[in-house]
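Below is one structure, written out as structure tokens, with a few remarks after it.
Read the figures in this text as sums done on the coordinates, not as results from a lab. On a predicted model such as this, the values are computed, not experimentally measured, just so you know. Methodologically, a virtual Cβ is constructed for each residue, glycine included, from the backbone with ideal geometry; neighbour enumeration extends over all protein chains shown.
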Amino acid sequence: MSEISKENSSEEEKVTPEVKEEAKPVAEVKPAAEATPVAEAKPEVKEEVKPAAKAEAKPAPKKVPFTKPEPKTSSEKRVGEIFVGRRKVAIARIKLVKGSGVITVNKKPLEEFFKKPADVRKVRQPLELTGLIKEYDVKVNVQGGGNTGQAEATRMSIARALDIASPEHHKQLRDAGFLTRDSRMVERKKYGLHKARRASQFSKR
């Protein structure tokens, strides 16, 4: 029996040969990187500073003697400016220009804008009173209120312009009342009444 066991063990040894551990190769140690040579510092080259060109001296400007302009008269100063007239809530702005007596209201002829002859007559009153109706053209811009208020506001603005353009007519315009602002306004409505003063009809029973 012992012989048989020995044979078997010898066969097993043959079948399973001993595995020898292979020695792992040692990692090669790389030599340290060689230090890169430092670039030599170049010597700084100083640029030559060129002397600035001398600025050419400019001749001094000649002094012009001041001449005082002649003062303008009041009519020369303000003819062509815009003059404002008011009546109730209407506001009229007019421009007086040398011309032949053409009056335009809001870019329309006077008779086309104001339908009532009484309103047309009111607008022309200052020009007819002073006798300058054929010497000036009038351009009117009017807004607010009704026809009567607009006509009287236009009359006031034309009178103010003529007062500046021809001061010798000041007394005529003042006496006629064309330069005076009419301060009358519509009275406000009161609560409990139909209008400013109109009350309900009284009923005894």
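Worth pointing out:
- In terms of distances greater than 18 angstrom between alpha carbons, the cross-link table entries LYS95/LYS171; LYS115/LYS195; LYS107/LYS139; LYS116/LYS189 yield LYS95/LYS171; LYS115/LYS195; LYS116/LYS189.
- Applying 1/(1 + (r/R0)^6) with r as the Cβ-Cβ distance of ASP182 and ASN141 and R0 = 22 angstrom yields a FRET efficiency of 0.65.
- Sorted on the mean count of surrounding Cβ atoms within 10 Å across their residues, most packed first, peptides 138-150, 162-174, 97-109 read 138-150, 162-174, 97-109.
- The simple spin-label model puts a point 7 Å past each Cα toward its Cβ; for SER100 and VAL120 those points are separated by 1.8 nm.
- In plain terms, the bigger the Kirkwood radius, the slower the diffusion; for region 54-199, with that radius from Cα pairs, at 25 °C and 0.890 mPa s, Stokes-Einstein puts D at 138 µm²/s.
- In region 115-191, the ratio of gyration radius to Kirkwood radius, Rg to Rh, stands at 1.03 when only Cα atoms are counted.
- A straight chain from HIS170 to VAL84 at 0.36 nm per residue would run longer than the Cα-Cα distance by 29.3 nm.
- Annotation: extensible slack from GLU70 through PHE202 equals 40.2 nm (criterion: 0.36 nm per residue apart, minus Cα-Cα distance).
- Region 97-161: GluC sites (Glu not before Pro) falling in loop per DSSP and having at most 13 other Cβ within 10 Å: none
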